[in-house]
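Undergrad: Here it is, the structure, as structure tokens.
The values are calculated or read from the model by the stated rules, or taken from the named source; none is laboratory data. Just so it is clear, the model here is predicted, and its values are computed rather than measured. Reconstructed Cβ throughout: ideal geometry from the backbone, glycine too, with neighbour counts over all protein chains shown.
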Amino acid sequence: MATLRIDRTAADPDAVICAIEQAEGYIASICFKTGPPETVGVELEYTVHASANPATYVDHDRLCQALGDHAPPTLRAGSAHLPLRRGSAVTLEPGGQVELSTLPQRSLTDLHEAVGADLAELTGRLAHVGLELGGTGIDPHRPPRRMLSTPRYDAMAAAFARRNDAGRTMMCSTAGLQVCLDAGPPSRWAAVHDLGPPLIALFANSRRHAGHDTGWASARMRTWLAMDPSRTRQVPPGPDPASRWARYALDAQLLCIRRPDGPWTVPAGVTFADWVAGAVDGPPTYADLDYHLSTLFPPVRPRGYLEVRYLDTVAGPDWFAPAAILTALLADEPTIDRVRELCEPVAGQWALAARLGMTDPALARAATEVRDLALSRLDLPAALLRDVIEGSTRNGS
């Protein structure tokens, strides 16, 4: 679910896309809204466990009882799907992972207060029925098992199964911490990618999955890298990120096509560009293109704002550390320039970061240096600064 609002006035959603150039122009126009950075939000995913025995699977009705009128319609048909007290929405991933999507906030202090209140409300609701949130990027106790069945999730499962089991694991066992930032100046796009490997290493905490040691510092990131490179690899770097993203999106394979009746599955290997060219069904609309964009999962996804998707979720209040560090490191051009210098020795080392984390000397050095740079730039009350320090030293492995 999107955290920051997007202005989608570029086209009538029901209008048909007749040419690739139309799709490219539309994507480029909506996905990068440059300007001064003003807001920040987070999307926090968590596996959910029975407090008495975290290795057991959570019952659908028990989770429904916990969430009440905040439950999404995918869990309880006809639910009012009310936001939590401070405006965060609750959604569920296919395996029953809970996601908390915040409203955008003008400052890190406001974000800390709002998320803290809504996270406490969510935690209290779960505790009332004997449930608790996990605190790592992948389920350390249980093999993947789906809780929810929707046309989208059924089509996703079918598409991912053609390649390997990683898609099933992603859908049912992984939990990420996403930081959502205004797109800001173009330099932010490059810097937020450069920060990927060091910050993956710094916050990696998902070595154990389904009761076994995977040997990877972030088994969650390993899972994402193994799924479907056409939708999970980094958007190729270059001087014109909007056009690179447009080409990436059109070359990505279709995950599903929405239909009023019948399954949403699509033939293997068909891209959105192929659909425009007449490969399947009728011609796509701009609404179809919007939906296709929601099925792409690169480490950083442009949605009018930047959705940073490469971090393992963390336990309790530690979510604030990565949000604050990213905000500080992308605050202005001089800081961005310094970030890029510090990250240059490990640029592009996504898999190495996921596998070795802070045990790799170069990654550990870059991660420590950017963390220290962020701490020197943060203007926060002492208690919040302490949260950042503690939350950024607990996880790296």
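Undergrad: Given the conditions (1) surrounded by 13 or more Cβ atoms within 10 Å (Cβ to Cβ); (2) over 23 Å from Leu289 (Cα atoms); (3) at pLDDT 95 or above; (4) not hydroxyl-bearing (Ser, Thr, Tyr), which single one is not true for Ala23?
TA: (2)
Undergrad: When the residues of the range 252-292 are filtered to those that are of a type in the set (Phe, Trp, Tyr) and assigned to a helix (DSSP H, G or I), which remaining residue is surrounded by the most Cβ atoms within 10 Å (Cβ to Cβ)?
TA: So, considering only residues that are of a type in the set (Phe, Trp, Tyr) and assigned to a helix (DSSP H, G or I), the one surrounded by the most Cβ atoms within 10 Å (Cβ to Cβ) is Phe272.
Undergrad: Is it the case that the range 293-316 has a residue that's at pLDDT below 95, part of a helix (DSSP H, G or I) and over 30 Å from Leu255 (Cα atoms)?
TA: Yes.
Undergrad: Another question, then. Of the residues Ala328, Ala374, Ala354, Ala323, which single one is closer than 21 Å to Leu103 by Cα, touching a Ser or Thr at 6+ places or on another chain (Cβ under 9 Å), modelled with pLDDT of 95 or more and part of a helix (DSSP H, G or I)? Before the answer, list the steps.
TA: On the way: Ala374 fails: closer than 21 Å to Leu103 by Cα; Ala354 fails: closer than 21 Å to Leu103 by Cα; Ala323 fails: touching a Ser or Thr at 6+ places or on another chain (Cβ under 9 Å).
One residue alone meets the criteria, Ala328.
Undergrad: Sticking with this one: Only one residue in Thr91, Thr109, Thr34, Thr74 is in contact (Cβ under 8 Å) with a residue 60 or more places away in the chain and touching an Asp or Glu at 6+ places or on another chain (Cβ under 7 Å). Which one?
TA: After applying the criteria, what remains is Thr91.
Undergrad: Restricting attention to the range 135-190, which residues are outside any loop (DSSP other than H, G, I, E, B), touching a strand residue (DSSP E or B) at 6+ places or on another chain (Cβ under 9 Å), hydrophobic (A, V, I, L, M, F, W, C) and farther than 30 Å from Ala328 by Cα?
TA: Scanning the range 135-190 gives a single hit, Ala159.
Undergrad: Of (1) of a type outside the set (Ser, Thr, Tyr); (2) within 23 Å of Thr393 (Cα to Cα); (3) part of a helix (DSSP H, G or I), Pro334 satisfies all except one. Which?
TA: Here Pro334 clears every test but (2).
Undergrad: Something else: Within the range 71-109, restricting attention to residues that are at positive phi and small (Gly, Ala, Ser), which residue is surrounded by the most Cβ atoms within 10 Å (Cβ to Cβ)? Lay out the reasoning, then the answer.
TA: Initially, the range 71-109 is screened for residues at positive phi, giving 78, 81, 87, 96.
Narrowing the set further to residues that are small (Gly, Ala, Ser) leaves 78, 87, 96.
Values: Gly78: 7, Gly87: 14, Gly96: 21.
Across the range 71-109, the extreme among qualifying residues is Gly96.
Undergrad: Any residue that is crowded, with 22+ Cβ neighbours inside 10 Å, within 18 Å of the chain's Cα centre (by Cα) and of a type in the set (Ser, Thr, Tyr) - is there at least one of those in the range 121-137?
TA: Yes: the range 121-137 contains one or more residues that are crowded, with 22+ Cβ neighbours inside 10 Å, within 18 Å of the chain's Cα centre (by Cα) and of a type in the set (Ser, Thr, Tyr).
Undergrad: Look through Arg340, Arg394, Arg386, Arg365 and report the one residue that is surrounded by fewer than 21 Cβ atoms within 10 Å (Cβ to Cβ), outside any helix (DSSP H, G or I) and either among the acidic types (Asp, Glu) or on the phi < 0 side of the Ramachandran plot (or both).
TA: Arg394
Undergrad: Here is a further query. Can you go through Pro317, Pro284, Pro334, Pro322 and tell me which one is under 17 Å from the mean Cα position of the chain (by Cα) and either touching a residue at least 12 places away in the same chain (Cβ under 8 Å) or over 30 Å from Ile20 (Cα atoms) (or both)? Please lay out each step first, then the result.
TA: Values: Pro317 fails: under 17 Å from the mean Cα position of the chain (by Cα); Pro284 fails: under 17 Å from the mean Cα position of the chain (by Cα); Pro334 fails: under 17 Å from the mean Cα position of the chain (by Cα).
Checking each option against the conditions leaves just Pro322.
Undergrad: Could you tell me which of the residues Ala161, Ala219, Ala201, Ala249 is in contact with a Lys or Arg (Cβ under 8 Å, 6 or more places away or on another chain) and crowded, with 17+ Cβ neighbours inside 10 Å?
TA: Going through Ala161, Ala219, Ala201, Ala249 in turn, just one is in contact with a Lys or Arg (Cβ under 8 Å, 6 or more places away or on another chain) and crowded, with 17+ Cβ neighbours inside 10 Å: Ala219.
Undergrad: Moving to a separate point now. Among the residues of the range 204-224, write down those that are in contact (Cβ under 8 Å) with a residue 60 or more places away in the chain, out of contact with any helix residue (DSSP H, G or I) (no Cβ under 6 Å at 6 or more places or on another chain) and not in a loop (DSSP other than H, G, I, E, B).
TA: Matches in the range 204-224: Arg208, Ala219, Arg220.
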